[in-house]
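*Asks:* Got a structure for you, written out below as structure tokens; questions coming shortly.
The values are calculated or read from the model by the stated rules, or taken from the named source; none is laboratory data. The structure presented is a predicted model; accordingly, all values stated were derived computationally and were not measured. Here the Cβ positions follow ideal geometry from the backbone for every residue, glycine too, while neighbour counts run over all protein chains shown. Only protein heavy atoms, including side chains, enter the accessible area calculation; ligands, DNA and RNA are left aside. Shrake-Rupley method; radii C 1.70, N 1.55, O 1.52, S 1.80 Å.
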Amino acid sequence: MISRSVGQSVGRSAGLIFIGLLAASSLPGQEYPKSPPAPLPLTPAPFPPFQEGLLANGLRILVVENRKQPIVSISLSFPGGNRYDAPGKEGLADMVAGLLTKGAGSRTAEQVSEAIEGAGGSLGAGAGPDFLTISATVLTPSLPLAFELVADAVVRPTFPESEVELLRTQTLSGLQVALSQPGLIADRAFRRELYGKHPYGAAPTPASTRAITREDLVAFHRSRIRPSGALLVLAGDIDLATATRLATGALKGWSGAPTTVSAPPAPPTRTATELVLVHRPGSVQSNILAGNLTFNPNDPRWYAARVANKVLGGGADSRLFLILREQKSWTYGAYSDLERRLGLGSFVANAEVRTEVTDSALAEMLFQLRRIGTEAVPAAELEAAKGALVGSYPLTIQTADQVAGAVGNARLMGLPSDYIQTYRVRLGAVTSEQASAAAKAAVRPDQLVIVIVGDAQKIYDKIKNLAPTRIVDVEGKPLAPEDLNPKAEVLDLDLSVLVPRRDSLAIMVQGAQLGWLRGVLEKTGEGFRYVEDTRIANFVSQTTTLDMDAKAEMKHVAQGGTIQGVAAAINVSFSGGRAKGSASTPGQDGQIKTIEIDTTFAPGTLDDNAVQALLPAFRWAPDARWTFQVLSTGQGEFRTMTLKVTGKDSVTVGGQAVECYTVELTGGQQPVNFWISTAAPHRLMKLTVVGAPIEMIRAN
């Protein structure tokens, strides 16, 4: 009993003491800090000293030693980027880089892959605007293997014909998707306008990709992938002596310097802003790019320009994003960026906006571009921008491969030897005056290239007064304002070729078959009936039936099925110059939208589903072109469509190459490309929908 009482007494005493301390801590007059302490001064990043060497063959070596983990990253770069592509062979450097590891030395592509994966490492190569780089990351014990694989790739690539053709096929498939994306169309057009005939303005095309031969690849490798002038960077668990020994052994007998090339044409000099409107019929949004040339890579204004760009459009807390998205609700995002290149770099601001607000969004963007160079950056914005840049930079140089890439890029660009170590310090020292001055030099609102990709028919009149405006199509061919409103014609079809037929097309998505489309044309007592069935995995199950009279005039269209599990139906009759019926189709929100259709239509008007049924009846010839009116029964609206032959190509069907007209159909919700056999009866061989990674290829 006594011990229990003592324990309780001790417990109560401890509690009273704790309560007393709390009370004391709340005494009147007690002072506490009202703001966090000032940050410590920024100091250079604690990088280990760079170790540098030079092999007898002229290869420079730079080592960043870090023994914390048993990992080493290798980065070997050459002056062999896209700027060295031969005219008409754009994409050559990319293909060389893509093939260096697809067969080298005594190994096939599969054996190279098995070797590096068996060591738990990675190996790859790529080409940028200025440099071609091969890189590898391995555990320290596998360093000899990594050097062997890298050496084989740069000294002894085999460029197997089978791998060349496989990469060509993959590249063409990627280009097909890329050239259908409005953002990529805008980027290609912007660089073409910004850099003119300078190689920075060029980009691969299907034609240039097809023109590249194995001999071109071998010649490019022989002329550009040489040790003199190249840079080997190693980061991680290695020192200079080990790196020199391994590199000397692996690269034994390799010598030479890259072929001297003439200076490229200078980019255009602008004294006024120019606007290029890329007409993409049917676009529901406009992709806006606005920018200009800036500095050489080692210009001292770069640090202040980076801070100013962060304020303007360098993230979700920037002015462009907050105003165009958060305040105006015109876009999902608006940004700006500065790009460093060995030659002149560039500045670009971008946004994807709804078609109906294109003019307003562009006007606001131009206002913000002027403001950043004419108004002092407020202290709060300046400090927030510097803090974000300074704080995020260490995340970009954490791993061995990041360090190797950053160090190599800085040295290749001719930046100071302490660039990485002092980068944060230099950013943190930028003043408001310096940011404004750099912005004025880097962002020139009165000398911009502005590129807008969108439906020019809807936006041209709204934007033409914002800057002198040129209109081009997605391939860059000039258009006149009157081309935006083509007049519909009554089609002169050759109905004699409309014989009973069955079409079967495999639906491919990124090379894998996910469904099929089957069309059957039959003659009836009154004219023609076309039935089309479409199946795409579990997404689309749809049947369309079209009835036409003997002159191919519309009589009735019925469509039924499901799209992503949602039922859809169309039932419209055409008689006496009127179209009557209804359509229930999924809207953009996935909900069914039902519309009633009761409208007059002009003679020769087609249902939009009838175009494919009637393709053989068009009088096909090189440069043929038709503009006609359709009724989109699913949307309840008339549209003017244009069908034009753009060239010739071949499509392989059943192992046989079939010569085809390449045909573009515009004016619908999305442009469509057809490949129509040049020989009668002009069958559909292939179809792609612009903006979707889908192609349909004839199966019979």
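*Asks:* Please work out if GLU274 is under 30 Å from PRO264 (Cβ atoms) and either polar (S, T, N, Q) or open to solvent by 60 Å² or more (accessible area, probe 1.4 Å) (or both). Break it down stepwise before answering.
*Replies:* Values: under 30 Å from PRO264 (Cβ atoms): yes; either polar (S, T, N, Q) or open to solvent by 60 Å² or more (accessible area, probe 1.4 Å) (or both): yes.
For GLU274, the condition - under 30 Å from PRO264 (Cβ atoms) and either polar (S, T, N, Q) or open to solvent by 60 Å² or more (accessible area, probe 1.4 Å) (or both) - is met.
*Asks:* If the requirement is being modelled with pLDDT of 90 or more, surrounded by fewer than 17 Cβ atoms within 10 Å (Cβ to Cβ), closer than 23 Å to PHE618 by Cα and touching a Ser or Thr at 6+ places or on another chain (Cβ under 8 Å), which of these qualifies: ARG518, ARG501? Show your work before the answer.
*Replies:* On the way: ARG501 fails: touching a Ser or Thr at 6+ places or on another chain (Cβ under 8 Å).
Unique residue meeting the criteria: ARG518.
*Asks:* On to the next question. Would you pick out the residues in segment 419-448 that are of a type outside the set (Gly, Ala, Ser) and not in a loop (DSSP other than H, G, I, E, B)?
*Replies:* Applying the first criterion (of a type outside the set (Gly, Ala, Ser)) to segment 419-448 yields 419-427, 430-431, 433-434, 440, 443-448.
Selection gives TYR419, ILE420, GLN421, THR422, TYR423, ARG424, VAL425, ARG426, LEU427, GLU433, GLN434, LYS440.
*Asks:* In this structure, is ASP492 open to solvent by 30 Å² or more (accessible area, probe 1.4 Å), charged (D, E, K, R) and part of a helix (DSSP H, G or I)? Show your work before the answer.
*Replies:* On the way: open to solvent by 30 Å² or more (accessible area, probe 1.4 Å): yes; charged (D, E, K, R): yes; part of a helix (DSSP H, G or I): no.
So ASP492 fails the test.
*Asks:* So, one more: Which one of these is β-branched (Val, Ile, Thr), part of a strand (DSSP E or B) and open to solvent by 60 Å² or more (accessible area, probe 1.4 Å): THR652, THR585? Spell out the reasoning first.
*Replies:* Working: THR585 fails: open to solvent by 60 Å² or more (accessible area, probe 1.4 Å).
Among THR652, THR585, only THR652 is β-branched (Val, Ile, Thr), part of a strand (DSSP E or B) and open to solvent by 60 Å² or more (accessible area, probe 1.4 Å).
*Asks:* Ok, one more. Could you look through segment 354-370, keep only residues that are open to solvent by 60 Å² or more (accessible area, probe 1.4 Å) and not acidic (Asp, Glu), and pick out the one that is nearest to the chain's Cα centre (by Cα)? Don't jump to the end; show me each part of the working.
*Replies:* Keep residues of segment 354-370 that are open to solvent by 60 Å² or more (accessible area, probe 1.4 Å), which gives 354, 356, 367, 370.
Those still in the list that are not acidic (Asp, Glu) too: 354, 367, 370.
Working: ARG354: 20, PHE367: 27, ARG370: 28 Å.
It comes out as ARG354.
*Asks:* Could you please give the count of residues in segment 225-252 that are touching a residue at least 40 places away in the same chain (Cβ under 8 Å) and either more than 23 Å from PHE47 (Cβ to Cβ) or among the small types (Gly, Ala, Ser) (or both)?
*Replies:* Qualifying residue count for the region: 14.
*Asks:* Now, a different point. All but one of (1) buried (at least 19 other Cβ atoms within 10 Å of the Cβ); (2) under 15 Å from PRO616 (Cβ atoms) hold for GLY667, so report the exception by its number.
*Replies:* (2)
Okay, residues lined up against (1) closer than 27 Å to VAL540 by Cβ; (2) modelled with pLDDT under 90; (3) in contact with a Lys or Arg (Cβ under 7 Å, 6 or more places away or on another chain); (4) not small (Gly, Ala, Ser):
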{"position": "TRP626", "(1), (2), (3), (4)": "no, no, no, yes"}
{"position": "GLY634", "(1), (2), (3), (4)": "yes, yes, no, no"}
{"position": "GLY655", "(1), (2), (3), (4)": "no, yes, no, no"}
{"position": "TYR661", "(1), (2), (3), (4)": "no, no, yes, yes"}
{"position": "GLY667", "(1), (2), (3), (4)": "yes, yes, yes, no"}
{"position": "GLN670", "(1), (2), (3), (4)": "yes, yes, no, yes"}
{"position": "TRP675", "(1), (2), (3), (4)": "yes, no, yes, yes"}
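*Asks:* Kindly indicate the residue of segment 124-156 that is more than 29 Å from the chain's Cα centre (by Cα) and outside any helix (DSSP H, G or I) and also surrounded by the fewest Cβ atoms within 10 Å (Cβ to Cβ) among those meeting that condition.
*Replies:* Here is the first cut: in segment 124-156, the residues more than 29 Å from the chain's Cα centre (by Cα) are 138-149, 151-152, 155-156.
Checking the rest, the ones that are also outside any helix (DSSP H, G or I) come to 138-139, 156.
Numbers: VAL138: 25, LEU139: 16, ARG156: 14.
Residue satisfying both the conditions and the ranking: ARG156.
*Asks:* Can you name every residue in segment 149-195 that is acidic (Asp, Glu), more than 19 Å from GLU215 (Cβ to Cβ) and without any contact (Cβ under 8 Å) to a residue 60 or more places away in the chain?
*Replies:* Across segment 149-195, the qualifying residue is only ASP152.
*Asks:* Follow-up question, since we're still on this one. Determine which member of the set GLY98, GLY53, GLY58, GLY88 is farther than 24 Å from ASN409 by Cα and either open to solvent by 10 Å² or more (accessible area, probe 1.4 Å) or at pLDDT below 95 (or both).
*Replies:* On inspection, the qualifying residue turns out to be GLY88.
*Asks:* All but one of (1) open to solvent by less than 20 Å² (accessible area, probe 1.4 Å); (2) farther than 30 Å from VAL353 by Cβ; (3) not in a loop (DSSP other than H, G, I, E, B) hold for SER223; state the number of the condition that does not hold.
*Replies:* (1)
*Asks:* Within segment 173-195, track down each residue that is in a loop (DSSP other than H, G, I, E, B) and open to solvent by less than 30 Å² (accessible area, probe 1.4 Å). Give the steps one after another, and end with the answer.
*Replies:* Within segment 173-195, the subset in a loop (DSSP other than H, G, I, E, B) is 179-181.
SER180 - this is the single residue of segment 173-195 that is in a loop (DSSP other than H, G, I, E, B) and open to solvent by less than 30 Å² (accessible area, probe 1.4 Å).
*Asks:* While we're on this one: Tally the residues that are open to solvent by less than 40 Å² (accessible area, probe 1.4 Å) and outside any helix (DSSP H, G or I), restricting the search to segment 196-210.
*Replies:* Adding up the residues that qualify gives 4.
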